[in-house]
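> One structure is given below, represented as structure tokens, and several questions about it will come after.
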Amino acid sequence: MRIVGRVAVTALLACTAVLAGATLSAGAAEDVLDAIEAGRKAYQAGELGNAKQALERAAQLVGQKAAESFAKLLPPALPGWTAEEPQLATRAAAGFAAATAVRGYIKANGDNLEVQITADAAIITQVAPLFANANAVGAQAKIVTIGSHRAMVNEDGDIHMIVDNRYLVSVAGSGSGIDKMAYLRAVDAAKLSKL
């Protein structure tokens, strides 16, 4: 996103402030608000590069908190499996943050799976049309319904589901299709959609 005029910056500041206040603890929210204020001051001083950096920092802080929330929704190990500690990642660009939480699972027979929850508007915008049109994915994948959500199963049996048009939940690895589906169903999509 290119910063163009006061309206774009004001809208970006408002969106980031709303996200910061709604999802962060008092200390973390203060860090976000400080970054937003630094961005506002830099913008008013005509320092667009500094304004962009400060706003990206605010978005990244919000993304970190979002990834922490996602990690809590990654399922525990199912019977016969062990779970690794969740891994978190965020990246910020142009005032927007992508947040990811991923957890690995290992079965006694050596099978492994990863469950990943991602909030990234750019990715979801690119893949959402595929979920709406089974013909668009052709023979490379099939569309299935899991609860009230559409999911795509690729040739390897990996499953990708969009939740609330904001999150992409993926299950991939060497485990069976039954195991992958069990882990996908173990993600609390209702709680995820409320974040």
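> How would you classify the stretch 73-193 from its alpha-carbon gyration tensor, with a ≥ b ≥ c the square roots of the eigenvalues: rounded for a/c under 1.5, else prolate if a/b is greater than b/c, otherwise oblate?
Oblate.
> Also, quick follow-up: Between ASP188 and ASN165, what is the label-to-label distance in nm when each label sits 7 Å out along the Cα-to-Cβ direction?
Rounded to a tenth, the inter-label distance reads 2.5 nm.
> Under a Cβ-Cβ cut-off of 15 Å, what is the net charge of the residues other than VAL153 that fall near it, where Lys and Arg count +1 and Asp and Glu count -1?
0
> Turning to a different aspect of this structure: Mind ranking 184-191, 113-120 by how tightly packed they are, going by the mean number of other C-beta atoms within 10 angstrom, highest first? It would help to have the intermediate numbers written out before the result.
Values: 184-191: 16.9, 113-120: 22.1.
So the peptides 184-191, 113-120, ranked by packing, come out 113-120, 184-191.
> Here's another thing I want to ask about it. At a 10 angstrom cut-off on C-beta neighbours, averaged per residue, how do the peptides 99-106, 54-61 rank from highest to lowest? Intermediate values should be presented prior to the final figure.
On the way: 99-106: 21.2, 54-61: 23.6.
Top to bottom by mean Cβ count within 10 Å: 54-61, 99-106.
> Suppose R0 equals 35 Å. What FRET efficiency, 1/(1 + (r/R0)^6) with r the Cβ-Cβ distance, do GLN53 and GLN87 give to the nearest 0.05?
0.85
Every read-out reported here was derived from the displayed coordinates using simple, explicitly stated rules and does not represent laboratory data. Note that this is a predicted model, so its numbers are computed, not measured. All Cβ positions, even for glycine, are placed from backbone atoms using ideal geometry, and neighbour counts span all protein chains on display.
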